[in-house]
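*Asks:* I am attaching a structure below and will ask some questions about it afterwards.
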Amino acid sequence: MTADPASGLSLLQTPLHALHQEVGARMVPFAGYMMPLQYPLGLLKEHLHTRKAAGLFDVSHMGQIAVRARSGDLGDAARALETVLPVDVVGLAPGRQRYGFLTTQGGGILDDLMLANVGDHYLLIVNAANKAAGLAHLLDAIGTECSVEPVDRALIALQGPGAEAALARHLPVVAEMRFMDARPVTFAGEDGVVVRSGYTGEDGFEIALPADSAVALARALLADPEVKPIGLGARDSLRLEAGLCLHGSDIDHDTSPVEAGLSWAIPKVRRRGGDRAGGFPGAERILAELADGPSRLRVGLRPEGRTPVRAGAALYEAADATEAVGRVTSGGFGPSLEGPIAMGVVPSALAVPGTPVFAEVRGQRLPCAVVPLPFRPAGFKRS
């Protein structure tokens, strides 16, 4: 543990902290941890390296939660989880993972997460800033039927088109996996879990291991010239290009999954007319929006010129409009696209690709075009 020089508050360290320092990371406070913002390679080159080869990320600050039915029947755990998640947990096969979200009573998003069926229990990967709240929420909602326990281990991600080749040298099973597969693994004599997923839009893996074996695997991977360490800065620009949401920015307690463009994650079985329709917090609002459409939507934005449009910028329907109709939720420079990109929330009527909107940047109205998401095609291995 160390202290934040700005606030004096104590900050946690991940198991890879010493390794970050060894390779010259610039460390910053993030979600209660000291985390690497970037390395000597620099944000731009880290981003582009991940797109063409393989980038190694420390995501150990994120929360890992194991959910088991007290009855010993995994089906009971699935049914319990469906009371807090509007996804198909019952139908999630062993060795598979899917994206989901905890919803609020008002139909907003308490947190978005990954959910894996690892055989005898479900493993949830939750956002770092929300892991305490998410754990408390699960304990309160399903703690009677299920044990809900945090898992104390490291989490690293290897992302990019070269990820499979680099990781298969150490964990051969990964070559057999497809997107969203989850498998048990053993490295350096310790057991863990690997999933074929990530948050960059590239093919890749997330590997959960006890601290010492995670550090050993990270060192082994970094010995490969195709693998470079990647910090939070490039992680954010990579996920923005991929059109992926950041909780607290693009999604929050007020934004519904439908408004956020995440309707694809809510299957027919949980919608009106489905065998297990509703039954989750906020179902009335969410199911109504699925049927009738929301009043606003998350969209991609391509600003004209080279000026980046940052989160919080107001969006207007016309250059001379006096009232904002939306706001930018994430924005910056897209290295792969060689220009500024952003995401924002606008009225549904303006969410049609090609629609012009105007972002207020330093007192000026900057023209932007509404565009489809993602900004570049995903590189997932689906078969």
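The values are calculated or read from the model by the stated rules, or taken from the named source; none is laboratory data. Predicted, not measured: the structure shown is a model, and the values here were computed from it. Positions of Cβ are backbone-derived with ideal geometry, glycine not excepted, and every protein chain shown enters the neighbour counts. When the accessible area is computed, the model is the full protein with side chains, heavy atoms only, and any ligands, DNA or RNA have been set aside. Shrake-Rupley method; radii C 1.70, N 1.55, O 1.52, S 1.80 Å.
*Asks:* List pairs: first residue in the stretch 360-383 and under 27 Å from residue 200 (Cα atoms), second residue open to solvent by 60 Å² or more (accessible area, probe 1.4 Å) and of a type in the set (A, V, I, L, M, F, W, C) anywhere in the structure, Cβ distance under 9 angstrom, at least six positions apart or on different chains.
*Replies:* Listed by first residue and then by second, the contacts come to 370/352.
*Asks:* Within the stretch 15-22, can one find any residue that is in contact with a strand residue (DSSP E or B) (Cβ under 7 Å, 6 or more places away or on another chain) and in a helix (DSSP H, G or I)?
*Replies:* Yes, there is a match, as at least one residue in the stretch 15-22 is in contact with a strand residue (DSSP E or B) (Cβ under 7 Å, 6 or more places away or on another chain) and in a helix (DSSP H, G or I).
Yes/no per residue for (1) of a type in the set (D, E, K, R); (2) over 19 Å from the mean Cα position of the chain (by Cα); (3) assigned by the TED database to the domain that holds residue 229; (4) open to solvent by less than 20 Å² (accessible area, probe 1.4 Å):
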{"site": "125", "(1), (2), (3), (4)": "no, no, no, yes"}
{"site": "128", "(1), (2), (3), (4)": "no, no, no, yes"}
{"site": "160", "(1), (2), (3), (4)": "no, no, yes, yes"}
{"site": "168", "(1), (2), (3), (4)": "no, yes, yes, no"}
{"site": "175", "(1), (2), (3), (4)": "no, yes, yes, no"}
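*Asks:* So, one more: I'm told residue 68 meets every condition in (1) open to solvent by 10 Å² or more (accessible area, probe 1.4 Å); (2) not in a strand (DSSP E or B) except one. Can you identify the failing condition by its number?
*Replies:* The one condition residue 68 does not meet is (2).
*Asks:* Looking for whichever is open to solvent by 30 Å² or more (accessible area, probe 1.4 Å), touching a strand residue (DSSP E or B) at 6+ places or on another chain (Cβ under 8 Å) and among the hydroxyl-bearing types (Ser, Thr, Tyr) here; the options are 383, 348. Which one fits?
*Replies:* 348
*Asks:* Residue 6 versus (1) on the phi > 0 side of the Ramachandran plot; (2) modelled with pLDDT under 95: which is the lone unmet condition?
*Replies:* That leaves (1) as the condition not met.
*Asks:* Hey, could you check the stretch 330-345 for residues that are part of a strand (DSSP E or B) and among the hydrophobic types (A, V, I, L, M, F, W, C) and say which is surrounded by the most Cβ atoms within 10 Å (Cβ to Cβ)?
*Replies:* Restricting to residues being part of a strand (DSSP E or B) and among the hydrophobic types (A, V, I, L, M, F, W, C), the top hit is 341.
*Asks:* Moving on. For the stretch 270-302, give me the residue count where each residue is open to solvent by less than 40 Å² (accessible area, probe 1.4 Å), basic (Lys, Arg) and within 30 Å of residue 354 (Cβ to Cβ).
*Replies:* Counting residues in the stretch 270-302 that are open to solvent by less than 40 Å² (accessible area, probe 1.4 Å), basic (Lys, Arg) and within 30 Å of residue 354 (Cβ to Cβ) gives 1.
*Asks:* Return the residues of the stretch 351-380 that are part of a loop (DSSP other than H, G, I, E, B), open to solvent by 40 Å² or more (accessible area, probe 1.4 Å) and either touching a helix residue (DSSP H, G or I) at 6+ places or on another chain (Cβ under 7 Å) or closer than 21 Å to residue 260 by Cα (or both); say none if nothing qualifies.
*Replies:* Answer for the stretch 351-380, where residues must be part of a loop (DSSP other than H, G, I, E, B), open to solvent by 40 Å² or more (accessible area, probe 1.4 Å) and either touching a helix residue (DSSP H, G or I) at 6+ places or on another chain (Cβ under 7 Å) or closer than 21 Å to residue 260 by Cα (or both): 352, 353, 354, 372, 373, 374, 376, 377, 378.
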